[in-house]
Amino acid sequence: MELNEILRLASKHGASDVHLKAGLPAVFRINGKLVPMKSPTPLKHEDLKAMSEMILSEDQKARLEKQYEIDCAYGVAGLGRFRVNIFQQRGTMGIVLRLVPFGVKTFEELYLPKVMEKIAAEERGLILCTGTTGSGKSTTLASIVQHINTNRSCHIMTIEDPIEFLLRDYKSIINQRELGVDTASFANALKSALRQDPDVILVGEMRDLETIETALTAAETGHMVLSTLHTLDAAETINRIVASFPPFQQKQIRVQLAAVLKAVISQRLVPRQDGTGRVPAVEIMLNTARVREYIEDKDKTRKIREAIQQGFVSYGMQTFDQSLMGLLKEELITLDEALRQASNPDDFMLRIRGVSATSDLTWDDFDKGDGGEKKDN
């Protein structure tokens, strides 16, 4: 079976990813679960080799031969774009493709909270989107960039590996650079971006110390910097960034991070109740005066979740459990799924039953309705 035919089937069935491995039929990830394609003929190494020939340029083929793995993008007319990773395993080839949806969805279409508009309106500082692989980080960042593009005039530079969403100029000028095609590394491209008169810089991932350092400097010098990290929540994100630096620098980095960080958006995708896809459960941390104190003091960083819980009405912040409660109230997810995803299932169940406890004080304002916004002091 040809690659494009497999990808059309994947798109038709709403798959987010396609796994191609010798000895197996194509395997789709649909609503978070792996589903083998109904094909009597398993893929052979020769099939995968031919597919890689279709996807890769001559330069990319040379890089694959040298490095044994490569990230790239692949487009099919009338179908869409795919983020691709080709690698070697046990002497044969493996290919994983992720479907990049046509167009960029709005915050409302992605079921993201209203406070995202306030975050996207920031003109300088660091905004991080975190979560595990496949949790929708790239989709959320693209939505933020598109919101900026439709609402104000900026120069937006993106550095991606590979480019996923193709963004068109609207009110803003957008330049998109791809690792291995337009630039050699995130760190080099980020340093270069500072000399390209940007207002907004999107760095696909903060992978190493040099990139993190440069991103912090860029945010400090008046740019808005967007990036991702593979961390589960806001507190872990702070600790991960600080731990990237040598011990003698960590106190200074906490102060620097507390000064430039604007928000941390952490995501998990949860299966919808109607079985038609997934919706994001989102933890939102805004850098209030209290949160700044918790970032600067390593002994208080663990209290960040508490600050998020109590900042729902005042600032529009929310924890994962508060987000899950909102999705449950809107009947987008089931109670079983909410409990499975909850950070504190026992506390969550108490709230469902209407039982009050001391720990429930952080839920009182949440139960009153939508979070508002107050200006931080």
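The values are calculated or read from the model by the stated rules, or taken from the named source; none is laboratory data. Remember, it's a predicted structure, so these values are computed and weren't measured experimentally. Please note: Cβ atoms are built from the backbone with ideal geometry, for glycine as well, and neighbour counts cover all protein chains shown. Please note that ligands, DNA and RNA were not included when accessible areas were found on the heavy atoms of the full protein model with its side chains. Shrake-Rupley method; radii C 1.70, N 1.55, O 1.52, S 1.80 Å.
Structure above, values below:
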quantity: Unmet criterion (only one of (1) more than 14 Å from the chain's Cα centre (by Cα); (2) open to solvent by less than 30 Å² (accessible area, probe 1.4 Å); (3) not polar (S, T, N, Q)) for E210; calculated: (2)
quantity: Test: residue in region 143-161 that is within 19 Å of C72 (Cβ to Cβ), assigned to a loop (DSSP other than H, G, I, E, B), out of contact with any helix residue (DSSP H, G or I) (no Cβ under 6 Å at 6 or more places or on another chain) and in contact (Cβ under 8 Å) with a residue 12 or more places away in the chain; calculated: yes
quantity: Filter result for E337 (out of contact with any Cys (no Cβ under 8 Å at 6 or more places or on another chain), modelled with pLDDT of 90 or more and either crowded, with 16+ Cβ neighbours inside 10 Å or of a type in the set (D, E) (or both)); calculated: yes
quantity: Close pairs (7 angstrom Cβ cut-off, 6 or more residues apart or separate chains): within 12 Å of L99 (Cα to Cα) in region 1-26, of a type in the set (K, R) anywhere; calculated: A15/R29; S16/R29; S16/R98; D17/R29; D17/R98
quantity: Residue among S16, S57 that alone is open to solvent by less than 70 Å² (accessible area, probe 1.4 Å) and farther than 30 Å from D274 by Cα; calculated: S57
quantity: Odd one out for S323, checked against (1) touching a helix residue (DSSP H, G or I) at 6+ places or on another chain (Cβ under 7 Å); (2) open to solvent by less than 20 Å² (accessible area, probe 1.4 Å); calculated: (1)
quantity: Pairs with Cβ under 6 Å, 6+ apart, first in region 167-178 and over 12 Å from S153 (Cβ atoms), second surrounded by 15 or more Cβ atoms within 10 Å (Cβ to Cβ) and among the polar types (S, T, N, Q); calculated: Q176/T158; R177/T183
quantity: Residue in region 279-292 that is buried (at least 16 other Cβ atoms within 10 Å of the Cβ), within 16 Å of the chain's Cα centre (by Cα) and more than 19 Å from T133 (Cβ to Cβ) present; calculated: yes
quantity: Output for region 296-308, where each listed residue is buried (at least 19 other Cβ atoms within 10 Å of the Cβ) and over 22 Å from T132 (Cα atoms); calculated: A307
quantity: Which numbered condition K303 fails, given (1) of a type outside the set (S, T, Y); (2) closer than 19 Å to L216 by Cβ; (3) not in a loop (DSSP other than H, G, I, E, B); calculated: (2)
quantity: Subset of region 296-342 [under 15 Å from P280 (Cα atoms) and small (G, A, S)]; calculated: S323, G326, A338, A342
quantity: All positions within region 114-135 that are under 15 Å from the mean Cα position of the chain (by Cα) and open to solvent by 20 Å² or more (accessible area, probe 1.4 Å); calculated: T132, T133, G134
quantity: Pair list, Cβ under 7 Å, 6 or more apart: region 42-63 residue closer than 15 Å to L97 by Cβ, other residue aromatic (F, W, Y) and outside any helix (DSSP H, G or I); calculated: I55/Y74
quantity: Residue in region 201-215 that is touching a Leu at 6+ places or on another chain (Cβ under 8 Å), farther than 22 Å from Q256 by Cα and in a loop (DSSP other than H, G, I, E, B) present; calculated: no
quantity: Qualifying residues in region 58-109 (those that are small (G, A, S) and in a loop (DSSP other than H, G, I, E, B)) - the one nearest to V27 (Cα to Cα); calculated: G91
quantity: Residue in region 20-38 that is closer than 21 Å to Q89 by Cβ and surrounded by fewer than 12 Cβ atoms within 10 Å (Cβ to Cβ) present; calculated: yes
quantity: Residue within region 241-249 that is of a type in the set (G, A, S) and part of a helix (DSSP H, G or I) present; calculated: yes
quantity: Selection status of Y111, on the phi > 0 side of the Ramachandran plot, touching a helix residue (DSSP H, G or I) at 6+ places or on another chain (Cβ under 9 Å) and open to solvent by 70 Å² or more (accessible area, probe 1.4 Å); calculated: yes
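Results for (1) open to solvent by 10 Å² or more (accessible area, probe 1.4 Å); (2) over 21 Å from A121 (Cβ atoms); (3) touching a residue at least 12 places away in the same chain (Cβ under 8 Å), shown as yes or no for each residue.
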position	(1), (2), (3)
Q196	yes, yes, yes
V200	no, no, yes
G222	yes, no, yes
L226	no, no, yes
H230	yes, yes, yes
A234	no, no, yes
T237	no, yes, yes
F248	yes, yes, no
S266	no, no, yes
